Amino acid sequence: MAQYNLTINGKSLNVDVDPSTPMLWVLRDHLDLVGTKFGCGIAQCGACTIHLNGNAVRSCQLPVSAAENTEITTIEGISENGDHPVQKAWLEHDVPQCGYCQAGQIMSATALLKSNPSPSDEDIDNAMNGNICRCGTYTRIKAAIKTAAKSA
Amino acid sequence: MTLIDKKLNRRSFLKVSTLAGGGMMLSFSWLAGCKPTPEQVLTMPKEWFEINSYIKIGENGAVTLFNPNPEFGSNVKTSLPMLLAEELDVDWKNVFVEQADFYPKRFERQFTGGSQGIRSGWVPLRTAGATARQLLVNAAAQTWNVPATEITTNTGYLEHKGSGNRAGYGEVASLAGTLEAPDPETVKLKDISEFKIIGNSKKNVDGSKIVTGKPMYAMDHKVEGMKYAAIVHPPAFGMKIKSFDEASVTSLPGIQDVFSIKLFKEGFERHAFDTTTFPEIIAIVGNSTWEVMQAKKALKADWEIAPESNFKMSGWGPDVSEVKVPSGLENSSTHSEKMAEYITKPGNILRKDGDPEGAFKKASRVIERTYTAPFLAHNPMEPINCFADVKGDKAIIYGPSQIPDFIHGTVANSLGLEKENVQINLARMGGGFGRRAYSHHLTEAALISQRIQAPVKMVYTREDDMTAGVYRPTYSATYRAALDENNNLLALHVKAGGIPESPIHANRFPAGAIDNYLAEGWQIESNITIGAFRAPRSNFIAGAEQSFLDELAEEMGKDPIEFRLELLKRAETNPVGKDNDYDPKRYAGVLELVRDKSNWSNVPNGISRGVSAYFCHNSYVAEVVDVSIKDNQPVVENVYAAVDCGIVVNPDAAANMGEGAIIDGIGNAFYGEMAFENGAPTKRNFDTYRMIRHSEAPKKIEVHFVDNKEDPTGLGEPLFPPVFAALGNSLYKATGKRLYDQPFQPQLIDMKNLRM
């Protein structure tokens, strides 16, 4: 076990965990930030996507020991009132079905729009292909990303 | 207003002293939509008054509606309360929706599966809304001392024109809550023309919680002092635990205990939905998910071949049956060989019209084709998990279950507790697709908690989830058609089976449309567990049947839609045989609608097009799939669907569900496959089990609903089965090759120089 000081959603937080613990479980079990979801544990589904210094990463593959001195943002931290343009677009298009993958989808989408404010269909496919939606909301996600791109 | 023969169970309209839930899970209908200004929205009331099982009203007129059914993504949590709100006659923006817990004393059918949520709730939930409205009217009549019949309601207000009295629901809710509930049989329901909420799209009531990452799933649940548990199950079907070395994990950091649990007591008569692959598993308990998952990898365990076993099963129909679990380590290659034997071996006759044998003898030409599909894993995004807190003689379970009623007795029996002392609370589920109809995980978590006498959250890894069974079966179907010298269809013969069940629905189309018709079924026993998977059986047989009809139409020189319409005309005007369980007119209606919406005969340049139609879960669906070829591989461009599911309660959410079913179908048709080597599943996670991804989804999907006034029927499943053949038939047009075996993708990769 070791002490780590982490910056998550702009707050400084301390945890005492094994250095190999992935950020996914630090967030979920130790910091009660459960919006970041467990899906596969091998970076194949994207449900656990968070931002590390603004880039979308799979938190199931990010050990806590590599997260010190970085800025981490989770679904709980992308806006104060749930009114990020991507969140608003998700509601406008009524995207979710079961909803489980959507936090990861939104984290990938927000990272995409930050680096590419008006993505093409191909850009969206490339940026989002790591995020599985088992319910099949892909066409709505694409439409929502385009709406968010217009309003941002 | 119409009076409907409801034959309802009265318990839904009675009040029970303790409220389910407790205000923890409120969802605000308006949060999901445009945010209204504060004066438009009612704040939380100071006090709630319970009107009936489904409805409570605050003194300020705010309304809480309980969604009785488990939510796994089909949006019942929004659309079922819409039925209540319609007849209660309230403003949707003043509605709070609360997820009901499993509470059989209050609610009748807490069941998500078989596409029956809206269909089964259609009369009972509207009646619950209407009886509540009547109670409010009666309360106003008593208060104003006027006849109840003279009082009208309008979106949350009561009015008596004669006396000039007017009041909000909240003002009489306290009194209404004390009055005798009216007999539901005497309460009138609105005429369709009077609907204000039904038929108007409402946003998902949990939308804002989902996009902000609020805890909603069992996976997110946590209480003070909670422990975490991982499980280890045998590596293959047909194996069981021999021994395990506790010392290999108990000294690891954060690990508290390791032990095995047996799911069923000796001699327990299992319910039909008690399907579980491994009745004994190993549990590792510790302080965090990561620590128990690490210990899982370190655990030293030995496995052995399980001998043949038997158990008694009941709960599905009146009979108790003896179920045999054969011994052995099975292989997919052997499965294929055994299934292929049935191409020539006879099956059990399920339906016979006319003289099919004679017709085949007379035929100038016989076309025979065999279709196969593999086992499929459900792979819901939220892996199997469950929270349980068992102390003394009481158990609280918070878990993802499509049908808590079916596991309730089993959990109680395994714990040795009274059913009344086992409370199951319903978490939102991260997908289900049939998998969570089998709720063995509730028993597992409960037994672990009972053993450690502490609250616990048990979490399967993705590998546990994917390799623990309860799959869609593998199937094979052989279709034969007899044609005369003028290419007239003389007879049709289908023989289909699977491991371990047959996919045949013998009385469905094209039965009833062909003079000489023979349907045979067969099954091969196996120890691989299977269960309902979105549109069970239909999800295979539709693809086989509709691919064969497509090929048959081509052989007969007919347009594939015209050919189907001709058959349906025959079934409508002069049906063959009895018990045809579809309405040929409604079936034809969706084909005509999809022909119109896709502009069927006007195929765009560079597009290849296929069609398919199917009836299941009381609904009719026809689909057209357009593909193009890019970089020598097919790309799904457009999908057009025409759906007849009666009245559509929540149209945009219904379209979303349809789009998802289509994408699900395309994904499984191209990539879906689970295989076995020596009993072990060959795929364990998404690196090898290929799921459809963003770039592979269709560019455009249009879902069109037939506009009619029929009572609502199924929706979550019926759009899934037709897409397999619509895709296969379009791929044939694009590639020149008929695809008979799913998944399609491996065969397409091998193809060179695709057409176009």
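The values are calculated or read from the model by the stated rules, or taken from the named source; none is laboratory data. All of these numbers come straight from a predicted model, not from anything done at the bench. When we count neighbours, we look across all protein chains shown, and the Cβ atoms used for this are built from the backbone with ideal geometry, even at glycine.
Quick notes on this one:
- Only listed residue being at pLDDT 95 or above and facing another protein chain (nearest Cβ under 7 Å), chosen from A:VAL26, A:VAL34: A:VAL34
- Which listed residue, of B:LEU31, B:LEU19, B:LEU84, B:LEU80, is at pLDDT below 65 and assigned to a helix (DSSP H, G or I): B:LEU31
- Selection within the range B:158-195 - outside any loop (DSSP other than H, G, I, E, B) and among the small types (Gly, Ala, Ser): B:ALA167, B:GLY168, B:GLY170, B:ALA173, B:SER174, B:ALA176, B:SER193
- Residue in the range B:410-432 that is modelled with pLDDT of 95 or more, touching a Pro at 6+ places or on another chain (Cβ under 6 Å), within 30 Å of B:TYR342 (Cα to Cα) and surrounded by 23 or more Cβ atoms within 10 Å (Cβ to Cβ) present: no
A quick yes/no check of all residues on (1) more than 20 Å from B:GLU357 (Cα to Cα); (2) outside the structural domain of B:ASP274 (by TED's automatic domain parsing); (3) part of a loop (DSSP other than H, G, I, E, B); (4) at pLDDT below 95:
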site	(1), (2), (3), (4)
B:HIS493	no, yes, no, no
B:GLY498	yes, yes, no, no
B:ARG508	yes, yes, yes, no
B:ALA511	no, yes, yes, no
B:SER547	yes, yes, no, no
B:ASP550	yes, yes, no, no
B:ILE561	yes, yes, no, no
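- Odd one out for B:ASP464 among (1) touching a strand residue (DSSP E or B) at 6+ places or on another chain (Cβ under 9 Å); (2) over 27 Å from B:PHE111 (Cβ atoms): (2)
- Comparison of B:GLY531, B:GLY543, B:GLY589 shows that the only residue that is modelled with pLDDT of 95 or more and closer than 30 Å to B:PHE311 by Cβ is B:GLY531.
- Entry remark, the range B:176-227: residues being of a type in the set (Gly, Ala, Ser), closer than 29 Å to B:ALA388 by Cβ and free of Cβ contacts under 8 Å to residues at least 12 places away in the same chain number 1 in total.
- One residue from A:ASP94, A:ASP83 being in a loop (DSSP other than H, G, I, E, B) and crowded, with 24+ Cβ neighbours inside 10 Å: A:ASP94
- Taking the listed residues B:MET751, B:MET691, the one that is of a type in the set (A, V, I, L, M, F, W, C) and more than 22 Å from the chain's Cα centre (by Cα) is B:MET751, with no other qualifying.
- Flag for B:LYS209 being in a loop (DSSP other than H, G, I, E, B), more than 20 Å from B:PHE49 (Cα to Cα) and either out of contact with any strand residue (DSSP E or B) (no Cβ under 9 Å at 6 or more places or on another chain) or within 14 Å of chain A (Cβ to nearest Cβ) (or both): no
- The C-beta contact set for the range B:271-291 (first residue within 21 Å of B:PRO404 (Cα to Cα), second residue polar (S, T, N, Q) and surrounded by fewer than 22 Cβ atoms within 10 Å (Cβ to Cβ), distance under 7 angstrom, 6+ apart or interchain) comprises B:HIS271/B:SER314; B:THR275/B:THR529; B:THR277/B:THR529.
- B:ASP652 vs. criteria touching a Phe, Trp or Tyr at 6+ places or on another chain (Cβ under 6 Å) and either under 29 Å from B:TYR582 (Cβ atoms) or surrounded by 23 or more Cβ atoms within 10 Å (Cβ to Cβ) (or both): no
- Test set (1) without any contact (Cβ under 8 Å) to a residue 60 or more places away in the chain; (2) more than 7 Å from chain B (Cβ to nearest Cβ); (3) more than 19 Å from A:GLY136 (Cβ to Cβ) - A:GLN105 fails condition number: (3)
- Annotation note: of B:PRO374, B:PRO346, B:PRO356, B:PRO383, the sole residue that is away from every other protein chain (no Cβ under 14 Å), modelled with pLDDT of 95 or more and under 30 Å from A:LYS37 (Cβ atoms) is B:PRO374.
- Qualifying residue in the range B:122-131 (condition: touching a residue at least 60 places away in the same chain (Cβ under 8 Å), within 25 Å of B:GLY431 (Cβ to Cβ) and surrounded by 24 or more Cβ atoms within 10 Å (Cβ to Cβ)): yes
- Considering only residues in the range B:690-709 that are part of a helix (DSSP H, G or I) and without any contact (Cβ under 8 Å) to a residue 12 or more places away in the chain, the one that is surrounded by the most Cβ atoms within 10 Å (Cβ to Cβ) turns out to be B:HIS694.
- Complete set of residues in the range B:720-747 that are closer than 17 Å to B:ILE692 by Cβ, buried (at least 24 other Cβ atoms within 10 Å of the Cβ) and among the polar types (S, T, N, Q): B:SER730, B:GLN742
- Given (1) modelled with pLDDT of 95 or more; (2) more than 10 Å from every other protein chain (Cβ to nearest Cβ); (3) touching a helix residue (DSSP H, G or I) at 6+ places or on another chain (Cβ under 8 Å); (4) closer than 26 Å to A:CYS101 by Cα, index of the condition B:VAL706 fails: (4)
- Leading residue by the ranking (farthest from A:VAL64 (Cα to Cα)) among those in the range A:39-49 that are crowded, with 24+ Cβ neighbours inside 10 Å and more than 7 Å from chain B (Cβ to nearest Cβ): A:GLY46
- Consider the range B:244-296 and keep the residues that are of a type in the set (Phe, Trp, Tyr) and more than 14 Å from chain A (Cβ to nearest Cβ). The one that is farthest from A:PHE38 (Cα to Cα) is B:PHE268.
- Qualifying residue in the range A:113-134 (condition: among the polar types (S, T, N, Q), modelled with pLDDT of 95 or more and within 15 Å of B:SER208 (Cα to Cα)): no
- Qualifying residues in the range B:595-626 (those that are of a type in the set (A, V, I, L, M) and crowded, with 24+ Cβ neighbours inside 10 Å) - the one nearest to the chain's Cα centre (by Cα): B:VAL621
- Candidate set from the range B:657-689 (those that are more than 10 Å from chain A (Cβ to nearest Cβ) and part of a loop (DSSP other than H, G, I, E, B)); member that is farthest from B:GLY238 (Cα to Cα): B:TYR671
- Residue that is more than 8 Å from every other protein chain (Cβ to nearest Cβ) and within 13 Å of the chain's Cα centre (by Cα), where the choices are A:THR110, A:THR147: A:THR110
- Of all residues in the range A:1-25 being in contact with a Pro (Cβ under 9 Å, 6 or more places away or on another chain) and surrounded by 22 or more Cβ atoms within 10 Å (Cβ to Cβ), the one that is farthest from A:ILE50 (Cα to Cα): A:THR21
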